[in-house]
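For reference, the structure is listed below as structure tokens.
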Amino acid sequence: MSPLPLVPLPASVLESGGTPFRLDDRAVVVGDEDAAALLHRLVATRTGLRLPHLRPGRDAAGASAAASDADADAGGRAVIDLAVDGAGRPESYRLTVTARGVRARAADAAGLFYAVHTLVQAIDRRSGSWAVPALEIDDAPRFPYRGVMLDVARHFHDPATIAAYVERAAALKFNVLHLHLTDDQAWRLALDSRPELAARSADNAVGGDAGGSYSSADYRGIVAHAASHHMTVVPEFDMPGHTHAVGLAYPDLVEPPALAALQGGPADTPVAGEPYRGIGVGFSSLRIGAAVTDAFVAEVFAELAALTPGPYLHFGGDEAHGTPADAFADFVSRTSRAIADLGKTPIAWHEAGAATGLAPGTIGQYWSFVVPVEGAAEKARTFVRGGGRLILSPADAVYLDMKPDAAASLGLTWANGPTSVERAYAWEPAAVVPGVGEADILGVEAPLWTETVRDLADIDALAFPRIGAAAEAAWSPATGAVAGRTWESFRERIGGLGPLWTTLGIRFPASAEIPWS
Ligand code: TNX
């Protein structure tokens, strides 16, 4: 029999083999209001059933009695009982399903949110009517940081698109949305301190496509929507490279394009002061050491810190091939300290680990391969030596912008692409960087760069189903640590999610590697 379609795989799943819980519109939901509303909405979408919700004190008197009993209320109706009891590790939950009812208990609101998503994944109609198999799940995340990144700089993605991606990611138990807000093509966040940055660049995008920018109100709305899905926004202003767009507003802040350092293609030739529509990288640099640059860096991160409730600010540091090595080390060290002085934890791509003066506790984001190349492992270890931890984004496994197969119309291939679903699955976070073990890893993040990605349909086409593999690397026990944490199981489990994804409007490609149901 095929395994339950649970992705990411919970830490412990016991199917009792007993009579399933039959889900019909006589089942009553009691307990936490937010969780009940979420379940109501997802069950309606998946099954068409409208579950009644008993609100304590307002509806039937039996609600709280039923909640404590958790099996059946006075009228003999089955109860789905959802509550935070504060027990266990952050984000953890327990889910018990019997023929007589469903009971979810969680450490916190996030845990209960995840319990509801697990429950919804488990709904099926194998028996001819909607049901949940009798089971017991005890679940908690492996890593505290489980991220998806969206590049909103190469192509602009409006708040509604970001909201849809947040909903998709949160349902897979991701809890971080990293927004890559700036790049050579555009600066997308309008700042009060520096309004010209977005005003002069944000109508640009790769290939001359439509641009756009976020007002601070848009940004706050994105942060609030993410928070309501238990996701923290990590904003990134990428520097000192990837800064051609800065020069459109402030020519004094940037060096002339370093054409010799230009990599990737099609790499239209960048021209100082003109919008860049190509997808080459590595040619741009801030003018390091200039007082105007220091003032700029201080102001933009101070405003970003004030707008951002989460603990992290990402300052980039990748692919600064146009910046001399000593200037680069000086810049990333000082920028990490400036961010720490704002009360935030700095994050940088792993190249910043070439510097020795980073603020203690700076987090590194590793984007080399599953088998590290070109000194990346040593740079990554710098962060750990400095008291920080690592976010793992090995490009040949979790870069969602890699083509999924050679025939795919969207995506890039530079990271050993195409990247199959199996390759996206078959890697182990604690085995990537020698000397970096479980305790040194903050989490896993799956970036989606958008050189070829214009809208939500494109996002779905590249992110799915591989985003499920990244979710499992971030949440589930290590490969082989529990039964079911295998590629063979994963492909069946994720295949079983096809009907749920379809009802949710996710336009996932029907990858030939997956036995879709
Ligand atoms: C490398 S990975 C980049 C991005 C590109 C991406 C495309 C990293 C930190 N930088 O500038 O968009 O490859 O896959």
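Here are a few things to note about the model shown:
- Total residues in the stretch 1-29, condition modelled with pLDDT under 95 and in contact with an Asp or Glu (Cβ under 7 Å, 6 or more places away or on another chain): 4
- The residues in the stretch 448-488 that are touching a residue at least 40 places away in the same chain (Cβ under 8 Å) and part of a helix (DSSP H, G or I) can be counted, and the count is 19.
- Among the residues of the stretch 78-110, those that are more than 20 Å from residue 43 (Cα to Cα) and outside any strand (DSSP E or B) comprise 85, 86, 87, 88, 89, 90, 91, 92, 107, 108.
- The residues on offer are 272, 267, 258, 249, and the sole one that is touching a Leu at 6+ places or on another chain (Cβ under 9 Å) and of a type in the set (Gly, Ala, Ser) is 249.
- Test: residue in the stretch 299-309 that is in contact with a helix residue (DSSP H, G or I) (Cβ under 6 Å, 6 or more places away or on another chain), β-branched (Val, Ile, Thr), in the same structural domain as residue 180 (by TED's automatic domain parsing) and crowded, with 20+ Cβ neighbours inside 10 Å: no
- Of the set (1) under 24 Å from the mean Cα position of the chain (by Cα); (2) small (Gly, Ala, Ser); (3) closer than 30 Å to residue 417 by Cα, all apply to residue 354 but (1).
- Applying the condition of being of a type in the set (S, T, N, Q) and within 12 Å of the ligand (Cβ to nearest atom) to the stretch 387-437 and asking which residue is surrounded by the most Cβ atoms within 10 Å (Cβ to Cβ) yields 419.
- Single residue of 285, 228 found to be surrounded by fewer than 18 Cβ atoms within 10 Å (Cβ to Cβ) and out of contact with any Leu (no Cβ under 9 Å at 6 or more places or on another chain): 228
- Taken over the stretch 112-150, the criterion of being buried (at least 24 other Cβ atoms within 10 Å of the Cβ) and farther than 24 Å from residue 482 by Cα is satisfied by 148, 149, 150.
Conditions (1) closer than 23 Å to residue 447 by Cβ; (2) within 16 Å of the ligand (Cβ to nearest atom), marked per residue:
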| site | (1), (2) |
| --- | --- |
| 277 | yes, yes |
| 280 | yes, yes |
| 306 | no, no |
| 310 | yes, no |
| 320 | yes, yes |
| 323 | yes, yes |
| 326 | no, no |
| 333 | no, no |
| 340 | no, no |
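The values are calculated or read from the model by the stated rules, or taken from the named source; none is laboratory data. Remember, predicted model here, so these are calculated numbers, not experimental data. When we count neighbours, we look across all protein chains shown, and the Cβ atoms used for this are built from the backbone with ideal geometry, even at glycine.
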